[in-house]
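Have a look at the structure below, then the notes.
The values are calculated or read from the model by the stated rules, or taken from the named source; none is laboratory data. Note that the structure is predicted; figures quoted are calculated from it, not measured. Every residue, glycine as well, gets a Cβ built from its backbone with ideal geometry; the counts of neighbours run over all protein chains shown. For the accessible areas, the whole protein counts, side chains as well, though only heavy atoms, and no ligand, DNA or RNA atoms are used. Shrake-Rupley method; radii C 1.70, N 1.55, O 1.52, S 1.80 Å.
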Amino acid sequence: MSQRILVVEDEADLAQILVDYLKRDGYAANAIGDGLAAMDELRRAPPDLLLLDVMLPGMDGLTILRELRKTSLLPVILVTARVEEIDRLIGLELGADDYVCKPYSPREVVARVKTVLRRTQTGTAAGTAAEATASATGGKRVEIDADGWQARVGGSRLDLTPKEFRLLQALVTHPGRVMSRGQLLDVLYADNLDVSERAVDSHMKNLRKKLAQALPEREAIRSIYGIGFVFEP
Ligand code: CA
């Protein structure tokens, strides 16, 4: 079954071009030109990935993303008309998975869609089922449900931000392997962005705090000084 991409873009000709390119690459794609209508569609039938323009009638892209992130970790690529706005958007920590600036080549956008989908579905690819990876830790298991975008410890849902989820997913699917900050940074952001590796540390700090609360018996993610982090199976 092909993955479905929702294009939220009020410039009808641009939207159509993107939909055509996505379809040519085997995706199911449809476009919506109004923010409120997009919000409805996201509640009714969430796609596999959302391409979201920032400037929209009805409801702007940032508000849509904020609303969406209250309940969903679905992959989002934010589209902005101003390259200088990207830094500000990253700073807002809205939880977008990538950023694209207009004018763009549709081919490049499709490539980004592919990359984001691949990156956000590592857990599914690594396991045979959606319930990808787990490890026994003092009776409690750390589980990643890649399809449901959820992490659980001992059966209880862990309340994570999208970035924390990605970090945990990356580590849990490579148990016992030390991952460098650079590798983890690639998990969080597209490689063409100039983001400091310290971004990894701040998300990791919050993730480890949440894990320590859910799993006080042991340190599930260990920091390896000067190198990175490892999930202890
Ligand atoms: Ca627009």
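The GNM of the chain, with springs linking C-alpha atoms under 10 angstrom apart, assigns the highest mean-square fluctuation among SER196, SER180, SER72 to SER196. For LEU36 and ASP147, the difference between the fully extended length at 0.36 nm per residue and the C-alpha to C-alpha distance is 37.4 nm.
Extension gain, ASP25 to LEU117: 0.36 nm times the residue separation minus the Cα-Cα distance gives 31.8 nm. For the chain, the longest principal axis of the alpha carbon atoms and the long axis of helix 198-214 meet at an angle near 60°. For the set LEU167, LEU14, the ranking by accessible area, highest first and with no ligand, DNA or RNA atoms included, is LEU14, LEU167 under a 1.4 Å probe.
Our estimate of slack between LEU92 and ASP13, defined as 0.36 nm per intervening residue step minus the Cα-Cα distance, is 25.5 nm. Note on ILE227 and MET59: the model spin-label points, each 7 Å out from Cα along the C-beta direction, lie 4.6 nm apart. For the set LYS23/LYS163; LYS114/LYS163; LYS70/LYS210; LYS114/LYS210; LYS70/LYS114; LYS23/LYS114, the pairs lying more than 20 angstrom apart at their alpha carbons are LYS23/LYS163; LYS114/LYS210; LYS70/LYS114.
The string of couplings for segment 73-82 from the Karplus curve (6.51, -1.76, 1.60, θ = phi - 60°) is 10, 4, x, 10, 10, 8, 10, 10, 8, 10 Hz, one whole number per residue in order, with x for Gly and Pro. Sorted from greatest to least, the principal axis extents spanned by the alpha carbons of the chain come out as 56, 35, 29 Å.
Every helix of 4 or more DSSP H residues in the chain counts as -39500 (n - 2.57), and over all residues that averages to -12000 deg cm²/dmol at 222 nm. Residues in the chain average 48 Å² of solvent-accessible surface per residue, probe 1.4 Å, ligands and nucleic acids excluded.
GNM remark for the chain: springs join alpha carbons under 10 Å apart, and the peak mean-square fluctuation among GLN150, GLN16, GLN169 falls on GLN16.
Can you compute the FRET efficiency between MET1 and GLN183 using 1/(1 + (r/R0)^6), with r the Cβ-Cβ distance and R0 = 35 Å? Round to the nearest 0.05. For MET1 and GLN183, the calculated efficiency is 0.70. Could you tell me how many degrees, from 0 to 90 and to the nearest 10, lie between the Cα long axis of helix 162-172 and the main elongation axis, the longest principal axis, of the Cα atoms of the chain? Tilt of helix 162-172: around 50 degrees. Helix 35-44 and the longest principal axis of the C-alpha atoms of the chain enclose an angle of approximately 50°.
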